[in-house]
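Presented below is the structure to which this report refers.
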Amino acid sequence: MEMDTYKLQKGNLERFLQKLGEKFVVHAPVESDGVVAFSELMPGQESALYFPRTHKPPKDVFYPQTEVMFHYEKDITHSAEYKGKPIALFGARPCDAKSFVLLERVFIDPKYEDPYWAARRNNALVFSLACNDPLPSCFCNWLDGGPFSNTGSDVLVTDIGDAYLFEPISENGESFLSSVDMLKKATKKDIEKAQNAKERAELSMGEPPKLDSLKVSLDALWDDPLWDKVSSKCLGCAACTYSCPTCYCFDIQDESRRGKGVRIRLWDSCMFPLFTKEGSGHNPRPTRKYRLRQRFMHKFSYFVEKQGEFGCVGCGRCVSFCPVNIDIRNFIIGVFQTAQGKGGEQ
Amino acid sequence: MDKLVEKIKDIFADEKLELLIGYTKGTLPLRATPILIESADDAGKLIFDFTCQNNLARYLVDEKKRGGDRRRVGIIAKGCDARAVVQLVLEGQFERENVVIIGVPCRGVVDPGKLRKKLAGREIVNFQVNGEKITLFGNGFELELKRSELLSDSCLACRYPNAVQYNYFIGEPAEPLGVRDGYASVDEFEQKSPDERWAYFEKEYSKCIRCYACRNACPMCYCEECFVDCSTPQWIGKGNDLSDTIIFHIVRVLHTAGRCVDCGACAAACPLNIDIRMLGKRVEKEVTERFGFTAGLDFETQPAMAAFNENDKEEFIM
């Protein structure tokens with residue numbers, strides 16, 4: 001079914017978001033003291049749509065860093081699943097929108113459904129905002145994404161100067177857009193503008209390297225000295241993991257006092273020594289080399305094996321935030337070079 | 001730069017180094033990255049300039065963990081790196097005879113967090129330095145700044161831009177920038193009411209995501225097991241509850257009291273630009289005033305927290 005593309009004058013954005021707020025809890029990028037992150041948009045509050053890439057990824061909208069699973073008192077438990085209105089995410093970038101598809105594969109497995117993720121994610125609408133100006137550290141186009149990719153979006157929004165174009169991607173997106181009176185049908189000229197912006201943005205990112213053989217190359221380098229080299233300067237912090245839209249590992253903790261308490265789950269990081277430390281005291285990943293290998297292998301080998309694609313969307317946050325400039329793009333190139341150099345030995 | 005490379009090659013041979021910790025060009029403009037080289041043949045990769053922000057002394061602690069395999073190490077050291085090395089040696093973390101300190105003059109280093117703040121989400125592809133001015137070039141924009149606007153706060157108030165203790169010194173010693181007095185920012189902050197100060201810390205630390213980049217970038221945070229990682233017993237909650245987060249930061253500051261060399265590595269490592277330095281600087285001031293001790297200046301003076309002197313001020317004891 002061919003769906004119409006709509007247009008909204010920028011001046012009407014606030015009214016549109018109000019309308020969206022009637023049915024949904026609206027989360028959008030908001031600036032607070034220099035940090036831009038997704039949070040619930042309060043009436044009259046301005047969203048930071050101008051910001052190219054939020055400091056924090058939007059995964060915490062559906063998967064909060066700390067989440068109460070249930071409260072308990074002696075032997076009675078009270079569930080704490082999200083019971084609010086459905087969530088609308090406005091202004092996620094295409095890389096971040098794609099991250100929801102990847103996370104969904106983990107949280108909504110054919111056999112197991114994570115009720116906490118599902119409670120927030122079900123009936124949610126994702127309005128992603130196309131990137132007219134990808135950043136130098138962006139590399140979504142290496143990973144089957146792009147600045148105008150619509151994977152994971154219900155509506156793809158494009159800034160065409162004085163207005164936004166709203167292109168419905170899913171039926172949920174279309175059914176919401178068609179219910180909003182203030183949206184006009186986009187003209188041919190509007191769509192052309194968006195098309196030009198797309199071409200410009202894609203061109204600005206350059207030709208990506210082909211990653212088809214990355215998994216095979218990586219698997220062959222399991223014991224390679226490459227890992228010593230890459231990990232030698234790693235600090236072992238979680239700046240990469242916690243800024244990553246697709247890292248999903250968590251820990252579960254009980255916080256209790258005198259028979260009362262909460263069970264919480266919280267983001268964890270494979271970069272931390274405690275991550276795999278066993279009760280006996282043995283740690284199968286005793287040094288940073290093993291931990292860093294786990295992070296990279298998970299994204300570019302294990303995730304491919306289990307889910308059929310890379311567990312990275314190329315948002316570039318880890319590139320920007322790593323305190324010692326471990327650049328995952330360089331790592332990928334390094335893997336190919338090392339694999340090539342080893343070609344004769346295999 | 002060639003001079004640095006040539007000198008390092010000589011030192012590598014003369015000192016029979018097995019490892020050299022230095023900086024090389026990073027993948028982003030204005031970002032150098034640490035490099036650990038095992039052969040003089042790789043010396044050509046080394047650089048030193050105002051983008052070399054990380055405190056390299058931190059890697060000595062990694063070397064120590066190799067136990068019997070540990071190597072003879074050379075380290076390129078700004079004033080603060082060298083002070084951290086001295087402090088590590090004093091604390092018995094590394095043998096003096098196994099580390100060759102190669103001092104380099106530092107005229108301040110870029111704080112990546114400040115750079116990000118100035119760029120408000122944009123990124124640059126290039127830059128040009130012209131005396132005290134720096135021009136940043138991005139896709140479709142240009143931004144001219146004073147160089148000092150990008151330098152770490154620690155550098156602006158730094159009194160020891162050159163290694164005080166060293167085996168070699170390459171280049172002409174630098175003058176302190178003297179943009180700010182040592183404790184000016186702390187003194188100013190102390191004028192505020194307790195409520196205002198609390199509001200400030202609450203605002204800053206509520207941004208914390210507990211990634212521990214600050215701790216892990218710190219050369220003085222070398223505990224085998226950090227108290228926040230300990231699970232038996234578990235000292236603090238692991239979620240991002242503000243009280244737990246603040247306890248982490250307060251304990252870290254108390255733990256580095258009299259040991260912190262104010263290199264600014266913690267603040268520079270923070271992905272969210274939290275003002276981590278304020279508390280630490282306040283504690284440093286306390287140590288200086290009370291015990292007349294400055295960390296990392298010589299190999300003889302016992303650190304303030306490890307020494308007792310009957311002349312120590314004790315007016316706080318009833």
Listed by first then second residue, the pairs whose first member lies in segment A:75-87 and is closer than 16 Å to A:H27 by Cα, whose partner is among the aromatic types (F, W, Y), with beta carbons under 8 Å and at least 6 positions apart or on separate chains, are A:Y82/A:Y116; A:K85/A:F24; A:P86/A:F24; A:I87/A:F24; A:I87/A:F62
Could you look through segment A:111-164, keep only residues that are part of a strand (DSSP E or B) and charged (D, E, K, R), and pick out the one that is farthest from the chain's Cα centre (by Cα)? A:D159
Please state which one of B:F94, B:F50 is modelled with pLDDT of 95 or more, among the hydrophobic types (A, V, I, L, M, F, W, C) and either under 19 Å from B:S152 (Cβ atoms) or assigned by TED's automatic domain parsing to the domain that holds B:A268 (or both). B:F50
Considering only residues that are more than 13 Å from chain B (Cβ to nearest Cβ) and farther than 17 Å from A:L292 by Cα, which ones fall in segment A:307-337? A:Q307, A:G308, A:E309, A:V313, A:G314, A:F336, A:Q337
Filtered residue count, segment A:55-73, keeping only those that are part of a loop (DSSP other than H, G, I, E, B), of a type outside the set (D, E, K, R), buried (at least 18 other Cβ atoms within 10 Å of the Cβ) and in contact (Cβ under 8 Å) with a residue 40 or more places away in the chain: 4
Helices (runs of 4 or more DSSP H) lying entirely in segment B:209-289 (those with 3 or more residues that are surrounded by fewer than 19 Cβ atoms within 10 Å (Cβ to Cβ)): B:242-255
Quick check, is B:A84 crowded, with 20+ Cβ neighbours inside 10 Å, touching a Phe, Trp or Tyr at 6+ places or on another chain (Cβ under 9 Å), touching a residue at least 12 places away in the same chain (Cβ under 8 Å) and away from chain A (no Cβ under 11 Å)? no
Looking at segment A:5-18, can you tell me whether even one residue there is closer than 24 Å to A:R105 by Cα and either part of a helix (DSSP H, G or I) or aromatic (F, W, Y) (or both)? no
Identify all residues within segment B:72-89 that are part of a helix (DSSP H, G or I) and either within 23 Å of B:S148 (Cα to Cα) or outside the structural domain of B:C263 (by TED's automatic domain parsing) (or both); write none if there are none. B:G79, B:C80, B:D81, B:A82, B:R83
Among the residues of segment B:188-199, are any within 30 Å of B:D2 (Cα to Cα) and of a type in the set (S, T, Y)? no
Based on this model, can you work out whether B:R31 counts as surrounded by 16 or more Cβ atoms within 10 Å (Cβ to Cβ) and in the same structural domain as B:F12 (by TED's automatic domain parsing)? yes
In segment B:90-191, which helices (runs of 4 or more DSSP H) lie fully inside it and hold 3 or more residues that are out of contact with any Phe, Trp or Tyr (no Cβ under 9 Å at 6 or more places or on another chain) and within 14 Å of chain A (Cβ to nearest Cβ)? B:112-119
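The values are calculated or read from the model by the stated rules, or taken from the named source; none is laboratory data. Since the model is a prediction, treat every value here as computed from it, not as a measurement. Using ideal geometry, Cβ is built from the backbone for each residue, glycine included, and neighbour counts are taken over all protein chains shown.
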